[in-house]
Amino acid sequence: MELLALFISAILVNNFVLYYFLGICPFLGVSKKIDSAFSMGLAVTFVMTITAVFSWLINHLILIPYGLDYLQIVSFILVIASLVQLVEMFIRKISPPLYQALGIYLPLITTNCAIMGLALIAVLNNYSFVETVIFGVGSGLGFTLAIVLMAGIREELDLADVPEPLKGAGIALIVAGIMALAFNGFLGMIK
Amino acid sequence: MPAKSIRAEYLKGLWQENPVFRQLLGMCPTLAVTGAVINGIAMGLATSFVLIFSSLVISSIKKLIPSQVRIACYVVIIATFVTMADRFLAAFFLPISKSLGPYVPLIVVNCIILGRQEAFSSKNSVGRSLIDALGMSSGFVLALLILSSIREILGSGTFLGHQVMGAWFKPWLIMIFPSGAFITLGILLAIALVIESKAKQRR
């Protein structure tokens, strides 16, 4: 039951984009079309899940037993960078269609703060292994939900009469603000 | 290096190439920590420290770094300074470190820092990189200061914890919430664009 609550709260309440403000760059950059937003969301969910597994293993099997917690930042970022590279090569080999769909978005994910944030927040909250994995999947799905909704709104926004200075990032941020306000409504669901 | 170009190199970070308002870089910390002015300042200074020192190190060893693995090298250097900043805050300013939470370690993926290394420090002399880093840091601190002042004054009626609004003022709770951050930054971006286009017309 607690795991279910964690999962739901990672998707809706503590949404990575709208609550933690992580992954804003792809959220604003890749949210012009629903298709590409969905692919980006899938790629992030995929990498987040794997990162959750590996960052927990590294933290609990190597860093903590040897008292090296201060190396967390360096080791997490290196692990994420090499994981993304590996995942990219792996997908290209075993599933060309999936590679076509995720293709250009995978390398971009290395610098996505949502992935690093996931590893760090899981450590800060002292999640167990299962909790970390569920948190990773949930956060990825939450990111996908936010970016697809955003892309849907922005496709409609193209037809709207937006004041000149607000065009582009300005109106996108204001839309995100209103979305965040709507997501605030989920706060009552947990606790 | 002539004095005028030093000035221009520094000033471009403040406005023309301001990382937040003009380049839209480093949005995550900008939005996340600006609920209170003190957090904004702490975040700005920590990021400046990392940016200035990584620029110094990278511009001085740029000839030793093989270009194929340069990004990995930059990331390790940046991560080293981020760890120092993180430990320093935790040791001397525990309350601030607690309230900034994961956002201090996250400086490592702040695109402003990696962007400046890739675009500037890897190609320019140590002196110029230092000036550039100082300019960009000032621009970032300025942006955080503006955003956090608006949010703290309207959201809790205080500035740096001191009451500035009269008793009649009812705090706008929304400004403290994430939505307030998005909307305020969106409006600020629009204002920045208006100022820029006015300035262009005059030129």
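Descriptive notes on the structure:
- Residue under evaluation A:ILE153, criteria (1) over 17 Å from the mean Cα position of the chain (by Cα); (2) facing another protein chain (nearest Cβ under 10 Å); (3) open to solvent by 20 Å² or more (accessible area, probe 1.4 Å), criterion not met: (2)
- For region A:123-141, the condition of being open to solvent by less than 10 Å² (accessible area, probe 1.4 Å), within 14 Å of chain B (Cβ to nearest Cβ), assigned to a helix (DSSP H, G or I) and closer than 30 Å to B:ASP86 by Cβ holds for at least one residue.
- Residue count for region A:28-43, restricted to those that are within 14 Å of chain B (Cβ to nearest Cβ) and modelled with pLDDT of 85 or more: 0.
- The residue pairs whose first member lies in region A:173-185 and is crowded, with 22+ Cβ neighbours inside 10 Å, whose second member is modelled with pLDDT of 90 or more and not small (Gly, Ala, Ser), and whose beta carbons are closer than 6 Å, counting only pairs six or more residues apart or on different chains, are A:LEU173/B:PHE182; A:LEU173/B:LEU185; A:ALA176/B:PHE182; A:GLY177/B:PHE182; A:GLY177/B:ILE183; A:ALA180/B:PHE182.
- Evaluating B:LYS170 against the criteria (1) open to solvent by 30 Å² or more (accessible area, probe 1.4 Å); (2) part of a helix (DSSP H, G or I) leaves one unmet condition, (2).
- The one condition in (1) open to solvent by less than 50 Å² (accessible area, probe 1.4 Å); (2) of a type in the set (Ser, Thr, Tyr); (3) outside any helix (DSSP H, G or I) that A:TYR19 fails to fulfil: (1)
- Of the helices (runs of 4 or more DSSP H) contained entirely in region B:1-108, those carrying at least 1 residues that are open to solvent by 60 Å² or more (accessible area, probe 1.4 Å) fall at B:3-14, B:37-60, B:70-92, B:94-100.
- Of residues in region B:114-149 being modelled with pLDDT under 90 and within 14 Å of the chain's Cα centre (by Cα), the one surrounded by the most Cβ atoms within 10 Å (Cβ to Cβ): B:ARG116
The values are calculated or read from the model by the stated rules, or taken from the named source; none is laboratory data. Because the structure is predicted, anything quoted here is derived from the model rather than measured. With ideal geometry, Cβ positions are generated from the backbone for all residues, glycine too; neighbour counts draw on all protein chains shown. For accessibility, only protein heavy atoms count, side chains too; no ligands or nucleic acids. Shrake-Rupley method; radii C 1.70, N 1.55, O 1.52, S 1.80 Å.
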